[in-house]
Every structure is written in C-alpha cells, then in structure tokens.
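Undergrad: One structure coming up, written as structure tokens, with questions to follow.
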Amino acid sequence: MKVVVIGCGIVGASAAYSLVKSGVEVIMIDKEHEGNATSAGAGIVCPWVSRVDDEDWYKIAREGAKFYPDLISQLSVDGEENVGYKKVGALCVSHDAEELDAIEEKVKNKQKESPELGDVVRLTPEKSQELFPPLNKDYESIFISGAARVDGRLIRDAMKRAAKKHGATLISGEAELIIENGEVTGVMVDGEVINADSVLITAGGWAPFLLKSLGFELKIEPQRGQIAHIELPGEDTTDWPVVLPQTSHYMLAFDDSRVVAGATRETGTGFDYKTTVSGVNEVLSEALNVAPGLSNGKLKEFRIGFRPMGPDILPLIGKVGERSNVVLATGLGASGLTMGPYVGRLAASIVKGDSIDLDLSPYRPARALETVLT
Ligand code: FAD
C-alpha cells in the first residue's frame, strides 16, 4: 500500500510515522507555509481543566494527553530524544478562592477516570511563586502534576525524522490532487506525478484549497494567534510549570531560559501573516498582569500561527464523502498540540482500515463539507 500524506504539521507527521512503522510505503509532502500552526503553538498539554464543555472534545483531548508518554518512548527507541516534551505540571491561578474551589472540585472529579492527570494540590501564593517566580504575588493556585508542555517544532521534526528512518520519503513543496474520472489517483508536486493508493490530507488551515478541487467547500477557517517569546537570561526555567489564569491567555517555559506568553485568537484575518500593534499590546498586557516579574525580560520574538478552526469545537477525522481512499484530519483548533499525535495515529488507522476503539462518528468530516455546485 502506498500513501501520500499532504501536510506535515503535528498531525501529518504523526500519521506518517504511524503508517510507515506498520509497513506502509509513505510519501510525506509539506510546504511549511508561513504561519503553520505547529511552528507557532504554545505547547500546553492539560485538557483536564479546559473550560470547553463538550464530552466528545474532552474524550479525544484526554486520549491525546494520555498518548504522549507512549509516543515519546517510541521516538526514543528510534533515537529521537530531543522532543521538547516534559511533564512540568500546571498552576491554575486566580485571586478568587471560590473560583479555585470550583476548579479543584472539577479536576478531582476527573482523577479516577484520568489518573494520568496526577496530583491536584492547592498552593498558597508563596508556594505558587516559588514554582513560577515571575508570578503575581497575590495569586493562589491549584497545581496539577500531570500537565505537560511540548515544543511543537521539535516533536514534529522528530516524528518526520523517525518516519524517514523507517523508510518514508519527504518532499518539500505544495501538493495538488490528481483526479481521474472522479477518483483521486495521486498528487502532483512541482510537476512531479506521484501515484498513490490513498491520500491523507493533514493540511491544517490550508485543507480547503485541496478539498475544493474535489468539489467540496470545507468549513475550516484560519484563526490567527500571536504569541510572545521572552528570554530571562540566567534563569533556570527548565522545571517551571504551565500557568493558566482564568482567561484565554497563559504562559509556559522551556529549557532555554524562555517563557512563552500567549495568545491572541483572531478570526476573520485570513492568512494575513503579521504581528500587529494591538496583538502585541494584548499579549504583553495580559502576561504582565499575571506575571509582573517578566517585565525586565528580553522580548525575543513574536510568532504567528493560523489555528485550523472547524464549524464547531471538534476535529474533523475520517473519509471524504463516498471516497474510500481520501482521508481528512484537521480542524484541531486551539488544542492541536494536545491531540495532534493521537489524531494522526487515528487517521493512519482509518487509512489502513484498522478497527478503532473510539467512536469516531462525532468527528465525521461530513458536517463541515458542502458540495460546491459547478
Ligand atoms: P499545521 O501545523 O498548520 O500543519 C499543516 C501543514 O500542512 C503545514 O506545514 C502546511 O505547510 C502544510 N500544507 C498545507 N497545504 C499543503 C499542500 N497543499 N501541500 C503540502 N503541504 C501543505 N494546541 C495545544 O494543544 N496547546 C497549545 O498550547 C496550543 N497553543 C497554540 C498557540 C498558538 C498561537 C497557535 C496558533 C496554536 C496553538 N495550538 C495549541 C494549536 C495547535 O498549534 C494546532 O491545532 C496544531 O498545530 C494544528 O496542527 P496541524 O498539523 O493540523 O496543522
């Protein structure tokens, strides 16, 4: 069986890795568009405290978080150790004790079903600041020990490299579908024809361009996110936890004395790749409210990414229309670094026709596909 994977963000890279390890011939094609979401994503993996109130979302996000340790050990066997994943825990912070009571109760209720979320501990402002020194000294917190952070670029590139070690081919460029008598027979990249038995579309926010050639309007919109990277020279940030205030903003740290603070959620921007004055203002003001100790940090860069947003909160995973050889996996929105590797593995199973434990009907792509009348 020969499969072309179009788009190698975190979802496509994981699918390719899973497919090639099960003996499938895999061709990965990636354009690495400016603003691809995986390169800009913050990297918080902590679905248990999300304010999203949807059982099907929670189910797949939880599985996504649970899948990481297994993926990390698979990559380690393939010699890939630099993956940017670490369980550092998360601090849910607030000035409001009642708000924290409610979070504590909600997360503790999930412990039995999701033991991977680890311990749930109430911390004083002093203890909270000890764990994340720039934090506002008035915040109490709930610490969740199973939360993790992941560097999207590192884990994606590790999966791509590991897929290549197992025999996959990587082509840089933009793929178009080849359609003969209504059937997809392969793809074209820079004039080169690649025939395939199946095509997996993991093209993030760009997937609608491919679906259009098949006669579908795909309801995926890019949502721009601007996110700050702040250097704190001399600080050992390796073990700093993720910080989750009760807003859509947050921060987390990586090993290289770097704190990441995000992010804007801008709809209607299309693929307008730019850092805006209001975006910078919003992100830095929110960050300094929560962590005034960052004020003397060095602003290293602002990253911009386009989250692939579907018509609702759930990802799109499954076959496209009646075609049995075209599979779509996108629409992971703001949670793609959490669920991306798991969704990629699910997509690989669909391509191969394997049986799958999870009921995939809530995620069927049909709800986001409209036939274009020509
Ligand atoms: P992408 O990463 O966008 O990859 C799609 C790839 O397909 C690209 O490389 C593109 O070039 C390629 N492509 C498209 N069309 C073609 C074509 N025709 N031919 C070849 N290649 C093509 N998620 C979390 O879980 N936690 C977070 O903390 C978090 N923070 C975020 C912060 C920001 C600012 C942003 C923007 C996102 C964040 N996310 C987070 C969400 C997450 O980053 C995305 O949901 C996820 O990266 C989407 O992955 P993807 O593989 O579907 O898409």
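Undergrad: Checking SER145 against (1) free of Cβ contacts under 8 Å to residues at least 60 places away in the same chain; (2) open to solvent by 50 Å² or more (accessible area, probe 1.4 Å), which test does it fail?
TA: With (1) free of Cβ contacts under 8 Å to residues at least 60 places away in the same chain; (2) open to solvent by 50 Å² or more (accessible area, probe 1.4 Å) applied to SER145, the lone miss is (2).
Undergrad: Here is a follow-up. Taking the conditions exactly as written (under 22 Å from the mean Cα position of the chain (by Cα), closer than 22 Å to ASN136 by Cβ and touching a residue at least 24 places away in the same chain (Cβ under 8 Å)), does ALA228 satisfy them or not? Walk me through it before giving the result.
TA: On the way: under 22 Å from the mean Cα position of the chain (by Cα): yes; closer than 22 Å to ASN136 by Cβ: yes; touching a residue at least 24 places away in the same chain (Cβ under 8 Å): yes.
Judged against the criteria, ALA228 is a match.
Undergrad: Give region 222-253 a look and list any residue that's crowded, with 18+ Cβ neighbours inside 10 Å, more than 14 Å from LEU294 (Cβ to Cβ) and more than 11 Å from the ligand (Cβ to nearest atom), or say none.
TA: Across region 222-253, the qualifying residue is only PRO241.
Undergrad: Is it true that ARG153 is open to solvent by 60 Å² or more (accessible area, probe 1.4 Å) and within 13 Å of the ligand (Cβ to nearest atom)?
TA: Yes, satisfied.
Undergrad: Which ones in region 160-193 are open to solvent by less than 50 Å² (accessible area, probe 1.4 Å), more than 11 Å from the ligand (Cβ to nearest atom) and either in contact with a Gly (Cβ under 8 Å, 6 or more places away or on another chain) or touching a residue at least 60 places away in the same chain (Cβ under 8 Å) (or both)?
TA: Residues satisfying the conditions are ALA162, ALA163, ALA168, ILE178, VAL184, GLY186.
Undergrad: Could you list, in sequence order, the residues of region 65-89 that are more than 14 Å from ILE44 (Cα to Cα), touching a residue at least 40 places away in the same chain (Cβ under 8 Å) and among the charged types (D, E, K, R)?
TA: Selection gives ASP78, GLU80.
Undergrad: Is it the case, given these coordinates, that ASP256 is part of a loop (DSSP other than H, G, I, E, B), assigned by TED's automatic domain parsing to the domain that holds ASP138 and without any contact (Cβ under 8 Å) to a residue 40 or more places away in the chain?
TA: Criteria met by ASP256.
Undergrad: Return the residues of region 208-221 that are more than 7 Å from the ligand (Cβ to nearest atom) and in contact (Cβ under 8 Å) with a residue 60 or more places away in the chain; say none if nothing qualifies.
TA: Selection gives LEU211, LYS212, LEU214, GLY215, PHE216, GLU217, LEU218, LYS219, ILE220, GLU221.
Undergrad: Looking at (1) in the same structural domain as ILE6 (by TED's automatic domain parsing); (2) away from the ligand (no atom under 15 Å from the Cβ); (3) modelled with pLDDT of 95 or more, which is the one condition that is false for GLY321?
TA: (3)
Undergrad: Can you name every residue in region 84-122 that is among the β-branched types (Val, Ile, Thr) and under 23 Å from SER73 (Cα atoms)?
TA: Passing the criteria: only VAL88.
Undergrad: Continuing with the same structure: Scan region 67-84 residue by residue and report those that are surrounded by fewer than 17 Cβ atoms within 10 Å (Cβ to Cβ) and part of a helix (DSSP H, G or I).
TA: Selection gives PRO69, ASP70, SER73, GLN74, SER76, VAL77.
Undergrad: So ALA16 passes all but one of these: (1) assigned to a helix (DSSP H, G or I); (2) over 25 Å from MET251 (Cβ atoms); (3) open to solvent by 30 Å² or more (accessible area, probe 1.4 Å); (4) not assigned by TED's automatic domain parsing to the domain that holds ASP239. Which condition number does it fail?
TA: (3)
Undergrad: Let me ask something else about it. Take the residues in region 29-51 that are of a type outside the set (Val, Ile, Thr) and part of a helix (DSSP H, G or I); name whichever of them is surrounded by the most Cβ atoms within 10 Å (Cβ to Cβ).
TA: Per the stated criteria, the residue is ALA37.
The values are calculated or read from the model by the stated rules, or taken from the named source; none is laboratory data. Predicted, not measured: the structure shown is a model, and the values here were computed from it. Every residue, glycine as well, gets a Cβ built from its backbone with ideal geometry; the counts of neighbours run over all protein chains shown. To get the accessible areas, we keep the full protein, side chains included, count just its heavy atoms, and leave off ligands, DNA and RNA. Shrake-Rupley method; radii C 1.70, N 1.55, O 1.52, S 1.80 Å.
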